[in-house]
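I have placed the structure first, in the form of structure tokens, so that the comments after it can refer back to it.
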Amino acid sequence: MRVIIEQDYDSMSKKAAGFVAEIVRNKPDCVLGLATGSTPIGLYKELIRMHKEEGLDFARVTTFNLDEYYGLAPAHDQSYHYFMHDNLFNYINVLPAKINVPSGTAPDVNGACAHYEEMIEEAGGIDIQVLGIGGDGHIAFNEPGSSLASRTHLVTLDEGTIKDNARFFEKEEDVPHLAITMGVGTSLEAQKCLVLVNGAKKANIIAEAVEGPITSQITSSALQMHPDTVVIVDEEASTAFKRREFYLHSEKILAELLKK
Ligand code: GLP
């Protein structure tokens, strides 16, 4: 895994936007895998700026979101449908027909999950998957113990995740206990994975995910098996890496090489 250490949240977000924008420019009909949570908000702000000021064009782009709370309709202000429109889609020129978020209200859950996987395949697969991590190291909503080969499925959320995400709801009891999520295996099939992590609270878990053993107890550790994963962290999230100095050195050498 390539680990990039940026100074702060802002530079982490800008660096991440550079990776996404490069793909959108080189492949205008690309497929973006997108994530929710507070972590990627800065990335989305930067993509909006690039769209408005630099003409970054999303007209032919298709998007697939990682997950959705089960039981929340798209119009619910805590649904991930709502979040994505509010933080990105309403401000760029992506076509509504090309936006895909798992349905939180499908009566036939298994059918809807299988259909989501089919749609990703029909779109040609995901070119770049943006990922954050939960406090327990989960990606999407793949809680500890999820199969590392899992595909889009219904999951029960862990108590810790419910507590973490309660900050977005009026009260903890309002947080749904179920969600539809792409599987770990789904993300592993993306051409490129871009993992964003900021803040001191996640320093230990991202170090374990990157440098510890691959384990279903920390589902982000499965990304060690992915041939092209880039992890971008801010200073605060970088403190527990054993090989921190190496990552800094390696980026410096790469930057010098690219200058030549
Ligand atoms: C939820 C989402 C994850 C996200 C995580 C972290 O659990 N399903 O995709 O990575 O929250 O959220 P935050 O970025 O707010 O810490």
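The values are calculated or read from the model by the stated rules, or taken from the named source; none is laboratory data. Bear in mind the structure is a predicted one, so any value in this text is a computation, not a measurement. Neighbour counts are summed over all protein chains in view; Cβ atoms, including those assigned to glycine, are modelled from backbone coordinates with ideal geometry.
Quick rundown of the values:
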{"read-out": "Test for Ser11: is it more than 16 Å from the ligand (Cβ to nearest atom), farther than 20 Å from Thr62 by Cα and outside any strand (DSSP E or B)", "value": "yes"}
{"read-out": "Restricting the range 138-171 to residues that are of a type in the set (Gly, Ala, Ser), at pLDDT 95 or above and touching a helix residue (DSSP H, G or I) at 6+ places or on another chain (Cβ under 6 Å), the residue that is farthest from Glu118 (Cα to Cα)", "value": "Ser146"}
{"read-out": "Cβ-Cβ under 8 Å pairs, at least 6 apart or on other chains, the range 26-50 side within 17 Å of Asn100 (Cβ to Cβ) and at pLDDT 95 or above, far side more than 14 Å from the ligand (Cβ to nearest atom) and in a helix (DSSP H, G or I)", "value": "Cys30/Ile23; Cys30/Val24; Val31/Ile120; Leu32/Val20; Leu32/Ile23; Leu32/Val24"}
{"read-out": "Restricting the range 141-187 to residues that are in contact (Cβ under 8 Å) with a residue 40 or more places away in the chain, in a helix (DSSP H, G or I) and more than 10 Å from the ligand (Cβ to nearest atom), the residue that is surrounded by the most Cβ atoms within 10 Å (Cβ to Cβ)", "value": "Ser187"}
{"read-out": "Any hit, the range 128-140, residues being more than 13 Å from the ligand (Cβ to nearest atom) and without any contact (Cβ under 8 Å) to a residue 40 or more places away in the chain", "value": "no"}
{"read-out": "Scope the range 10-58; condition closer than 15 Å to Tyr91 by Cα and either of a type in the set (Ser, Thr, Tyr) or out of contact with any helix residue (DSSP H, G or I) (no Cβ under 9 Å at 6 or more places or on another chain) (or both); matching residues", "value": "Tyr44, Glu53, Gly55"}
{"read-out": "Total residues in the range 40-88, condition in a helix (DSSP H, G or I) and under 25 Å from Pro107 (Cβ atoms)", "value": "6"}
{"read-out": "Test: residue in the range 222-233 that is within 15 Å of the chain's Cα centre (by Cα), more than 15 Å from Gln7 (Cβ to Cβ) and assigned to a helix (DSSP H, G or I)", "value": "yes"}
